[in-house]
Amino acid sequence: MRKPKPSTSLYRDGRIGRVSPFTQLLQNKVLSATLTAWVVAQSIKVFLAVRRRRQFDVRWFLGTGGMPSAHSAGVSALAIAVGQQVGYHTPGFAVALIFALVTMFDAQGVRRAVGRQAIAMNRLVDELYVKGQVNQERLMELLGHTPVEVFVGAALGTGVALLCYR
């Protein structure tokens, strides 16, 4: 089999020919597994919020925090998809795995702590506002995830990536 030139690509059926960059992007299984996991996690999060609050807010699709962690779902899907694509023994998988672990640690550690600090700051601002001493906007409180939200997101992302490679 001849090697494709830089301006050509290998089709899924083994043919060699010109393939547009957009077509190549659509055929990228790692990217599609990662984005699918993120969209599924965000959709579940929005569905649960609508059920709980009995209202819909389109901003929830891009918000942070909540069950399951879309960050964890996305980076877990990324790591598993890279492992499936190039092998679990490769440096590419090692990089994706470390990236996933750091992201998940940050989601449930650092960002969660920042969210707790925002809650405390908002209480102080509310007290000062009532006394007429300050006019300050509230800080965003739901920034991080609990360990359970991170675990469920990671399991979801792993499952989505494995399904993409069936």
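The values are calculated or read from the model by the stated rules, or taken from the named source; none is laboratory data. Fair warning: this is a prediction, and the values are worked out from it, not measured in the lab. Here the Cβ is made from the backbone with ideal geometry for all residues, glycine too, and neighbour counts use every protein chain on show.
Things worth noting here:
- In region 74-94 there is at least one residue that is among the hydrophobic types (A, V, I, L, M, F, W, C), in a helix (DSSP H, G or I) and either modelled with pLDDT under 90 or within 22 Å of Phe47 (Cα to Cα) (or both).
- Annotation note: Cβ proximity below 7 Å between a residue of region 44-68 that is under 16 Å from Gln108 (Cβ atoms) and a residue that is in a loop (DSSP other than H, G, I, E, B) and at pLDDT 75 or above (sequence gap 6+ or interchain) occurs for Lys45/Gly66; Lys45/Met67; Lys45/Pro68.
- Output for region 155-166, where each listed residue is crowded, with 16+ Cβ neighbours inside 10 Å and at pLDDT below 95: Cys164
- Residue in region 136-152 that is small (Gly, Ala, Ser) and either modelled with pLDDT of 70 or more or exposed (fewer than 12 other Cβ atoms within 10 Å of the Cβ) (or both) present: no
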